[in-house]
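Asker: Can you read through this structure? Questions will come right after.
Please treat every number below as a calculation from the coordinates, not as lab data. Note that this is a predicted model, so its numbers are computed, not measured. In this analysis, Cβ positions are derived from the backbone assuming ideal geometry, glycine residues included, and neighbour counts consider all displayed protein chains.
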Amino acid sequence: MAGLLYLCPTPIGNLSDISKRVLSTLNEVDLIAAEDTRNSMKLMNAFDIHVPMTSYHEYNKTQKAYELIDRLKEGKNIALITDAGTPGISDPGEVLVRMCHDEGITVTSLPGPCACIVALTLSGLPTRRFCFEGFLPADKKERNEVLEDLKKEYRTIVLYEAPHHLKNTLSELKSVLGGDRKAALCRELTKKFEEVMRFTLSEACEYYDAKEPKGEYVLVIEGIDRNAEKEESKKSWMEISVREHMQHYLDSGIDKKEAMKKVAKDRGIPKNEVYRELLSEDMN
Ligand code: SAM
């Protein structure tokens, strides 16, 4: 019988955040695949775990996945861990999981620390709907496309960033999303100097003009405010007369009844008021 692949989340800064279930799984598997074996050795030493480790990282993720799958098919159980947090979130874990599914190997994911969720819940921004972007792409064209998509995003946005890229990313975000957009910069989560700085994007840029970012960061940014957007659009319609507004829709081929409905909706008024306005404009 084939073995199981266990995705085991590890602490993102505070060793006490490892679960009992992760510890017992790490102790019981035949092999631990780790992003950086030297880094993970510290964790193994801290918890007195003595299970063989092998490396599974960005640069061997496909080739090594075949080797791990062979071991799983032989009946060995394997735990996947990354440098910190939940395997598969902004790290090579997703490739191994996909390949295991393709090969009919059972994968199970243990719940645990994830910087995205810790930051989102701490941010003070809406948590009901959010989108996780991980790291913005390094490729300029792809990056600009993602930024343009984020400009239209209504949900709260969560991004990962390295400290040496933070200033540049903040300034790009400010120029695409606008300086007034609210953001929470969550740094050193679960560590001694954990901090949540709530800024607008302009304020965040100003703050880091005079200071070098240090530590690990998650950026949580508010999505577009639907009500403010509606108000903005209503304001722009109010700059033209009801007749001009009607004409705009009639010119686009919409019939009179439908045009009246749309005008009423755009201006936030009842249809009979549109009718009355048209009559009074006619009389003037
Ligand atoms: N798999 C991990 C997870 O579940 O969160 C994320 C791995 S990703 C390679 C590393 C990024 O996660 C960092 O650049 C940073 O943006 C974020 N991160 C990880 N630990 C963090 C911490 N303690 N505080 C703030 N951000 C952290």
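Asker: Using a ≥ b ≥ c from the Cα gyration tensor of segment 116-224 (square roots of the eigenvalues), is it rounded, prolate or oblate, where a/c under 1.5 gives rounded and otherwise the larger of a/b and b/c decides, a/b for prolate?
Answerer: Taking the square roots of the gyration eigenvalues as a ≥ b ≥ c, segment 116-224 is rounded.
Asker: Still on this model: How about segment 99-149: which GluC sites (Glu not before Pro) there lie in a loop by DSSP and see at most 14 other Cβ atoms within 10 Å?
Answerer: GLU103
Asker: Only Lys, Arg, Asp and Glu count, each charged at its Cβ (+1, +1, -1, -1), so figure out the dipole size of segment 227-283 about its Cα centre, rounded to 20 debye.
Answerer: Dipole magnitude for segment 227-283 comes out near 260 debye.
Asker: Could you give the alpha-carbon Rg of segment 5-112 over 2.2 N^0.38 Å, rounded to two decimals?
Answerer: Cα-based Rg divided by the globular estimate yields 0.96.
Asker: Can you list the GluC sites (Glu not before Pro) in segment 221-259 that are in a DSSP coil and have 16 or fewer other beta carbons within 10 angstrom?
Answerer: Filter output for segment 221-259: GLU239.
Asker: In which sequence would TYR66, TYR249, TYR217, TYR154 go, from the one with the fewest C-beta neighbours within 10 Å to the one with the most?
Answerer: Ranking TYR66, TYR249, TYR217, TYR154 by Cβ neighbours within 10 Å, fewest first, gives TYR66, TYR154, TYR249, TYR217.
Asker: Okay, moving on. Only counting other Cβ atoms within 10 Å, I'd like ILE105, ILE81 sorted with the fewest neighbours first.
Answerer: Lowest to highest Cβ neighbour count: ILE105, ILE81.
Asker: Take HIS245, HIS101, HIS165 and order them by how many other Cβ atoms sit within 10 Å, fewest up front.
Answerer: The most exposed by this proxy come first: HIS101, HIS165, HIS245.
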